[in-house]
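Derivation of every value follows stated rules applied to the coordinates shown; laboratory data play no part. Since we're looking at a predicted model, the values are computed, not measured. Here Cβ is always computed from backbone atoms with ideal geometry, including for glycine, and neighbour counts include all displayed protein chains.
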Amino acid sequence: MSDPSDITKPASNRIRLDYLDGIRAICALAVLAGHMGDGNFYNSNHKAPPLLQYFVRYSVYDRLAVALFIVLSGYCLMLPLARSGTNQVQGGILTFMKRRARRILPPYYAAIVFSFFCAYFSPSSYKHAIMHSLYNWGFAAHLLLIHNLRSVWEFQIDGPLWSVATEWDIYWLFVFILLPILRKSNITITIISGLVIGLIPHFFFHKWLDAVAPWYLGIFAMGMGAALMSFSQDKRFQLLRERVRWKEIAGALFVSILLLIVFKPAALVAYPLYLLEPYWGISCACMLVYCTKIVQHKSLVPATNLVRVLEWPPLVKIGLFSYSLYLTHAPVIAVIHGYVVNLKLEPNLATVYYWSLSIPICILLAWVFHIGFERPFMNQYQHKRTDTL
């Protein structure tokens, strides 16, 4: 959801933020692992096999990876504005939306077709669920990107597609609400406004849209703030960029979130996502500012372990097609799961078989999907680095 191809500091001194692709890869793999670790995915009594019971306890937090994707989106879409010192999208709103549509919609629609293709070969109930979308307007809602507005449609064809619709909505709100607020006030007011607008459905419309996280608008604005903090030439941002200890803040927030998750009361199924995800978004935004600062000064200061890990070439390679992996993994694991269940193996053996098959197959098919349906719609810079979920 961005265009971070070549990022400048200034234009004559180009730097590459390869770590962004490393983050995308980790997020996509975390979502894949979370969906594979869903306890309901293994047997009819909704209990995961012993080998996975501990993992399943925390698989619900794969949603944090989606929230990080949204922070990245806000960060990357704000980069050209932060560099140029303007809060106007280049070429106007219509041109901006055309660029966004070209980047995310062709793979999105291809993923819908791919889901029906997988359903044809699936021996599981997935086939029945996806075919039902043809009769209750779910398929039409997906084509119009409004399937995130009704719970009966949200996860009907390919579960992760709900976030594409949510992000498509955010694009419009970015140009019509967030940027006008930013032009008239500051980034703090913009972030607060995004969170308030995003929480209206929860508090005033009986938690409507909670499943598709309208508060992501505020998290997206946090990414915008991280971009301004990293690249704005405004003296206030320059001062904060140099003096604030971003590493320590991001680390403290991350550790606090980890402790909250590990020591969560057993009676509490999960923390309210409308509180947890914005808190997580602040940590992610601070991390982006810190990592970018390290890359900007890499010639003077050696890269830290975090940046080295995020710039690990295999991660960066997967990050290039992370959008395709995100779009295609759910129908693939549904098909593989159906066949593994039919083998009637002992639960732990079935789990090993299921995971050892699913991960490489999902990555391989995502790469093929990327070559056929994503890369042709990327610009010359994006061929070398991705810019979406």
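Tabulated data
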item: Cα principal axis extents for the chain, largest first, Å; result: 64, 44, 41
item: Cut-off 14 Å between beta-carbons: net charge of the residues surrounding residue 161, Lys and Arg +1, Asp and Glu -1; result: -3
item: Lysine pairs with alpha-carbon atoms under 25 Å apart, the chain, spacing 8 or more or separate chains; result: 23
item: Segment residue 113-residue 188, extension gain: residue separation times 0.36 nm, minus the distance between their alpha carbons; result: 22.9 nm
item: Linear extension gain, residue 264 paired with residue 204, 0.36 nm per residue minus alpha-carbon span; result: 18.8 nm
item: Under Karplus coefficients 6.51, -1.76 and 1.60, residue-wise ³J(HN,Hα) of region 132-139 in Hz, glycine/proline x; result: 5, 5, 6, 10, 10, 6, x, 5
item: Within the chain: Cβ-based charge dipole about Cα centre, in debye rounded to nearest 20 (Lys, Arg +1; Asp, Glu -1); result: 960
item: Kyte-Doolittle at least 0.0, axis length at least 20 Å by Cα - qualifying DSSP helices, the chain; result: 19-36, 63-84, 93-121, 187-204, 216-231, 246-262, 273-296, 322-342, 347-369
item: Extension gain (nm, one decimal) between residue 245 and residue 132, 0.36 nm per residue minus Cα-Cα; result: 35.5 nm
item: Over region 68-150 - Rg/Rh using Cα atoms and the Kirkwood inverse-distance radius; result: 1.14
item: Highest-fluctuation residue, 328, 304, 190 considered, GNM on the chain with Cα pairs under 10 Å; result: 304
item: Relative contact order, percent, the chain [alpha-carbon distance under 8 Å, six or more residues apart]; result: 30
item: Chymotrypsin sites (Phe, Trp or Tyr not before Pro), loop per DSSP, at most 14 other Cβ atoms within 10 Å - longest free stretch of the chain; result: 1-134
item: Within-9-Å neighbourhood charge of residue 69 [Cβ basis; K, R +1; D, E -1]; result: 0
item: Cα-Cα separations in region 155-247 greater than 24 Å, expressed as whole percent; result: 31
item: Distance between modelled label sites at residue 343 and residue 238, nm, 7 Å Cα→Cβ extension; result: 6.1
